[in-house]
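The values are calculated or read from the model by the stated rules, or taken from the named source; none is laboratory data. All values reported here derive from a predicted model rather than from experimental measurement. Reconstructed Cβ throughout: ideal geometry from the backbone, glycine too, with neighbour counts over all protein chains shown.
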Ligand SMILES: [Zn+2]
């Protein structure tokens with residue numbers, strides 16, 4: 001079949017495709033089968049290439065919450081406060097931070113289904129090197145969970161009732177993603193899946209500890225949320241994951257300089273602000289260390 005013929009078929013079946021999407025988005029697309037995912041991936045990629053207006057319509061349908069679902073999330077918020085969850089968890093594990101609290105309080109909560117369960121551009125790496133990469137990632141996880149420090153201990157506890165798996169995906173850039181969900185509705189435990197690009201094991205090896213800890217920061221956040229809650233604070237969540245990740249990586253002795261410099265190279269204002277935050281945390285740690293040293297010297 002040519003692309004044109006396929007596109008015509010998609011146009012004919014478009015209402016059917018949209019109604020399927022609408023039926024599944026309230027559950028975060030968690031019930032979409034792997035086979036259907038392949039079908040949707042084909043549809044998205046072809047429509048994106050051939051018909052931008054149709055793609056916009058498709059995307060809008062995929063990414064917006066239904067009114068009914070927003071109401072369901074607001075109901076959950078009667079007993080769960082996302083902003084307080086982030087502010088309190090950060091304070092408990094890494095200390096109080098007025099900047100973070102103020103920014104989080106100001107950010108507006110967005111409601112959107114998790115589209116990554118339906119479609120993402122990540123492709124599993126098929127390479128004989130994959131098992132070796134996974135072994136390296138597991139070693140780093142062991143370093144992180146066995147290091148001293150509140151955040152590392154909290155991570156170890158959180159992982160005790162979670163299955164964890166690493167997936168290596170194609171790409172030379174430095175990138176990670178995580179998902180935390182029941183892989184099958186009948187599973188007793190949820191599974192944490194951490195995806196890492198191949199680049200993290202080559203030119204960005206030095207950042208691997210921080211990339212993994214950042215994702216684990218998202219995991220600690222996700223673990224404290226009610227099931228099926230779809231509220232998000234896109235900016236605060238990243239600052240949160242950076243801060244917890246930095247704490248865990250620092251406690252385990254991992255470098256974060258490469259992570260910072262590589263992220264800054266993209267020159268995206270939001271990413272620069274995130275790296276400024278990491279720098280600020282490092283500076284705070286350094287001043288504290290100097291202060292402690294001085295005090296020790298005075299005492300001896
Ligand atoms: Zn992130």
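If I go through segment 90-101 residue by residue, how many of them are in a helix (DSSP H, G or I) and buried (at least 19 other Cβ atoms within 10 Å of the Cβ)?
First, pick out the residues of segment 90-101 that are in a helix (DSSP H, G or I): 90-94, 98-101.
Next cut, buried (at least 19 other Cβ atoms within 10 Å of the Cβ) only: 90, 93-94, 100.
Summing the residues that are in a helix (DSSP H, G or I) and buried (at least 19 other Cβ atoms within 10 Å of the Cβ) in segment 90-101 gives 4.
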> Across segment 237-276, which residue is surrounded by the fewest Cβ atoms within 10 Å (Cβ to Cβ) among those that are without any contact (Cβ under 8 Å) to a residue 24 or more places away in the chain and part of a loop (DSSP other than H, G, I, E, B)?
Replying inline: 267
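Look at residue 104 and say whether it is away from the ligand (no atom under 16 Å from the Cβ) and surrounded by 14 or more Cβ atoms within 10 Å (Cβ to Cβ). Spell out the reasoning first.
Numbers: away from the ligand (no atom under 16 Å from the Cβ): no; surrounded by 14 or more Cβ atoms within 10 Å (Cβ to Cβ): yes.
Spelling it out, it is not the case that residue 104 is away from the ligand (no atom under 16 Å from the Cβ) and surrounded by 14 or more Cβ atoms within 10 Å (Cβ to Cβ).
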>> So if I check each of 27, 79, 2, 56, which one is under 15 Å from residue 228 (Cβ atoms) and surrounded by fewer than 15 Cβ atoms within 10 Å (Cβ to Cβ)?
In response: 79
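This table checks each residue for (1) within 27 Å of the chain's Cα centre (by Cα); (2) over 14 Å from residue 61 (Cα atoms); (3) not assigned by TED's automatic domain parsing to the domain that holds residue 179.
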| position | (1), (2), (3) |
| --- | --- |
| 9 | no, yes, yes |
| 16 | no, no, yes |
| 19 | no, no, yes |
| 27 | yes, yes, yes |
| 32 | yes, yes, yes |
| 36 | yes, yes, yes |
| 41 | yes, yes, yes |
